[in-house]
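Notes follow once the structure below has been shown.
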2 protein chains.
Amino acid sequence: MATPANGRGRRIEPGKGGILLTAIDCFTRHGYAGTSIDRIARAAGVTKGALYYHFRDKEQLLFEAVKERIGAFESYVLGKVEPIADPAKSLRAIARICAENAATDNHRRFILTLMVEALDTNVTLSGEFREMLRRFRSFHRHLIRSGQESGLFRNDVDASAAAETFVGGILGAEVQFYQDPEAIDVRSSLETHVDQFLAWLTMPPDAQRRATQSAREV
Amino acid sequence: MATPANGRGRRIEPGKGGILLTAIDCFTRHGYAGTSIDRIARAAGVTKGALYYHFRDKEQLLFEAVKERIGAFESYVLGKVEPIADPAKSLRAIARICAENAATDNHRRFILTLMVEALDTNVTLSGEFREMLRRFRSFHRHLIRSGQESGLFRNDVDASAAAETFVGGILGAEVQFYQDPEAIDVRSSLETHVDQFLAWLTMPPDAQRRATQSAREV
DNA sequence: GTAGCCATACTAAACGTTTAGTATCCGAGG
DNA sequence: CCTCGGATACTAAACGTTTAGTATGGCTAC
């Protein structure tokens, strides 16, 4: 073969970029603490020294990997969703992007894994993830609010709360899929999630009260 | 002080049980790979010798911790939900249990953390988590189906798909809360999730088609 | 005294990081 | 055209520390 490949099929790209891609791959699978510098180096087809030539230490490698992934995802979503005028279609587009992303490469699993691990072990990194999630919710909030102002969505729901549940549904579907890809079809699961969410947002305001009030009392 | 306490306030219980509780605490915060045997021992107020007296190795300690947590959560949910007759109230009760659990102790964060970490690093443990999630979804599926049979819920939605989105919403709300407890009120967030879910399940079947079909085409 | 419970003291391996040295390329000077 | 000098991108080996795990000794309750 002309270009060497590592054990999991991805071609080994040389240089700093290749090391970063390999590091993302390793961090996704084994976490930060579970990934040794040696493992990354071996998987990238270089030695440890090459890593320390391009990155100050293991933590900086992690930072650059995280920033790369967050930036790539956000710019991708923005590029795909911004031209869409209909808020409902925008929401569905986001869900589809996440589903596709989860099903093919596992770039979003990288974010989830490192996010959970960083919670108590890396304050600054955890702050990065927190800001990312806040931007994500804010983006949805604006979509929902614009839908409300144009009369597409009902006005008696809080856009912030709605954004929380929508983002939560995406995250939860991903978690379930990563854990059990054979039982969970993340695409159809998220499609149902969007259906349900839009049905709730477009139903007449008085129809819900009748339905849920009965179960509300403790 | 009569009873000694570790740095984070929890009382140090002696013996195997205390070690197990401390281990759960450490694994939750630092993950499995990020937690050393010494750290657990120090936090539990013992030395490594005590750990290796009660547990064969680090992995067995992890297994027992996971089994303990899964078992405790499932039996708690079952005990609380089983006496409830109304499926809608049962669903709300489960969501409230999870919210309370996430907000007070972080026993469910332990499960989430280890679940994500075990995905590619521990096949048998990951299988344990997979079975747990399957049981959880199955439990919801039966609740939903019983609601459909009694005419409470509409019949034109797949109970399995509905269970997926409901469980997903719970998991996603938890993830967002762990990441940003100041911005996310997990209790009200899950309350909205249940409202939305029940509104969707109890709305007239033809009302949704009108609402969502417009955004469905790509 | 003996069995249960744990502390102490250790080993071998793995870890992140540093260092010294090498191969390869590239533009400038003769 | 050749070659010299330096920058770039690494390799190989070593360092000190931390890790999981073990072997052994001792105290306490029965």
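Numbers at a glance
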| quantity | calculated |
| --- | --- |
| Output for region A:47-63, where each listed residue is more than 6 Å from DNA strand C (Cβ to nearest atom) and either within 17 Å of the chain's Cα centre (by Cα) or within 14 Å of chain B (Cβ to nearest Cβ) (or both) | A:Glu59, A:Leu62, A:Phe63 |
| Residue selected from region B:82-92 under the condition part of a helix (DSSP H, G or I) and of a type in the set (A, V, I, L, M, F, W, C), by the criterion nearest to B:Asn122 (Cα to Cα) | B:Leu91 |
| Identity of the residue in region B:128-175, without any contact (Cβ under 8 Å) to a residue 12 or more places away in the chain and at the interface with chain A (Cβ under 7 Å from one of its Cβ atoms), that ends up nearest to A:Arg137 (Cα to Cα) | B:Gly172 |
| Failed item in (1) away from DNA strand D (no atom under 16 Å from the Cβ); (2) modelled with pLDDT of 95 or more; (3) within 25 Å of A:Gln179 (Cβ to Cβ), with A:Thr35 passing the rest | (1) |
| Qualifying residue in region B:108-115 (condition: more than 13 Å from the chain's Cα centre (by Cα) and at pLDDT 95 or above) | no |
| Matching residues, region A:19-46, being more than 8 Å from DNA strand C (Cβ to nearest atom) and among the hydroxyl-bearing types (Ser, Thr, Tyr) | A:Thr22, A:Thr28, A:Tyr32 |
| Test: A:Arg145 is part of a helix (DSSP H, G or I), within 17 Å of the chain's Cα centre (by Cα) and at pLDDT 95 or above | no |
| Residue in region B:176-189 that is farthest from B:Ala103 (Cα to Cα), counting only those that are aliphatic (A, V, I, L, M) and within 9 Å of chain A (Cβ to nearest Cβ) | B:Ala183 |
| Check on B:Asp120, within 11 Å of chain A (Cβ to nearest Cβ), assigned to a helix (DSSP H, G or I) and surrounded by fewer than 19 Cβ atoms within 10 Å (Cβ to Cβ) | yes |
| Single unsatisfied condition, B:Ala33 versus (1) surrounded by 21 or more Cβ atoms within 10 Å (Cβ to Cβ); (2) within 14 Å of chain A (Cβ to nearest Cβ); (3) not hydroxyl-bearing (Ser, Thr, Tyr) | (1) |
| Filtered residue count, region A:13-30, keeping only those that are within 14 Å of chain B (Cβ to nearest Cβ) and of a type in the set (A, V, I, L, M) | 1 |
| Qualifying residue in region B:94-101 (condition: in contact (Cβ under 8 Å) with a residue 12 or more places away in the chain, at the interface with chain A (Cβ under 9 Å from one of its Cβ atoms) and aliphatic (A, V, I, L, M)) | no |
| Helices (runs of 4 or more DSSP H) lying entirely in region B:23-81 (those with 1 or more residues that are touching an Asp or Glu at 6+ places or on another chain (Cβ under 9 Å), touching a residue at least 12 places away in the same chain (Cβ under 8 Å) and small (Gly, Ala, Ser)) | B:37-44 |
| B:Glu59 being modelled with pLDDT of 95 or more and surrounded by fewer than 16 Cβ atoms within 10 Å (Cβ to Cβ) | yes |
| Residue list for region B:79-91, filter: closer than 27 Å to B:Arg154 by Cβ and surrounded by fewer than 14 Cβ atoms within 10 Å (Cβ to Cβ) | B:Glu82, B:Pro83, B:Ala85 |
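Let's see how each residue does on (1) over 21 Å from B:Glu117 (Cα atoms); (2) among the small types (Gly, Ala, Ser); (3) within 16 Å of DNA strand D (Cβ to nearest atom):
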| position | (1), (2), (3) |
| --- | --- |
| A:Arg39 | no, no, yes |
| A:Tyr52 | yes, no, yes |
| A:Gly71 | yes, yes, no |
| A:Ala88 | yes, yes, no |
| A:Arg92 | yes, no, no |
| A:Phe110 | no, no, no |
| A:Thr124 | no, no, no |
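The values are calculated or read from the model by the stated rules, or taken from the named source; none is laboratory data. Since the structure is predicted, the reported quantities are computational estimates derived from the model, not experimental observations. Cβ coordinates were reconstructed from backbone atoms using ideal geometry, including for glycine residues, and neighbour counts include every protein chain displayed.
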